[in-house]
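Take a look at the structure set out below.
Any read-out appearing in this document is the output of simple, stated calculations on the displayed coordinates, not a laboratory observation. Remember, predicted model here, so these are calculated numbers, not experimental data. Counting neighbours? That spans all protein chains shown, and the Cβs are built from the backbone with ideal geometry, glycine included.
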Amino acid sequence: MKTFIMPLAIMVLCLSACSNNEEIIKFKDKSFANTLHIQKVENNSSSEEVSKMVTDKDKIKEVLSMVEGLKAEEINKDTFMEKLKSQSVYMFAFFQGDGKNTEKGKYAFNILEDGTILFHYDRVDNPGTPLITTDKNKDLLDKMKQKLDLNL
């Protein structure tokens with residue numbers, strides 16, 4: 001009986017550890033957007049001086065590649081909003097079009113100053129399930145700023 005219960009207990013432990021709604025950020029096709037709008041928000045306010053539009057498709061794909069592979073888990077919308085308000089944040093919004101009109105964004109994420117990344121979408125065009133990274137990625141924002149020549 002012991003030989004049956006031990007493997008069963010190990011299998012249950014493994015399955016329960018894998019069922020915490022953890023996801024890996026991935027994209028089927030990174031060419032879904034041709035405009036990236038970046039906005040810095042400090043003390044819950046922002047301005048045109050701390051925003052930038054990027055239309056270089058290669059740079060947009062590179063930014064998406066930088067977050068691809070990160071581990072994230074579901075977060076409720078109230079906690080998501082609390083996190084956004086808790087510290088300075090860089091907002092990254094991806095659009096098909098020029099990003100200036102009232103068109104709907106295709107994808108978005110925010111990087112908090114502590115390296116936490118909040119994803120508005122669990123997949124492109126699916127703004128229903130916000131995600132938060134399981135690890136802090138402090139150097140990722142610096143790499144993005146350098147890649148995009150951000151001085152915000």
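Provide the gained length on full extension for the span E23 to E68, in nm with one decimal, where the gain is 0.36 nm per separating residue minus the Cα-Cα distance.
Working it through step by step, the gained length comes to 15.1 nm.
Here the gap between K77 and N44, fully extended at 0.36 nm per residue and compared with their Cα-Cα distance, gives a gain of 10.2 nm. Magnitude of the charge dipole for the range 42-152, about its Cα centre and with charges confined to Cβ atoms of Lys, Arg (+1) and Asp, Glu (-1), is about 180 debye.
Which trypsin sites (Lys or Arg not before Pro) from the range 46-152 combine a DSSP loop assignment with at most 11 other Cβ atoms within 10 Å? Passing sites in the range 46-152 are K100, K104.
Here the convex hull built on the C-alpha positions of the range 73-152 has a volume of 110 cubic angstrom per residue.
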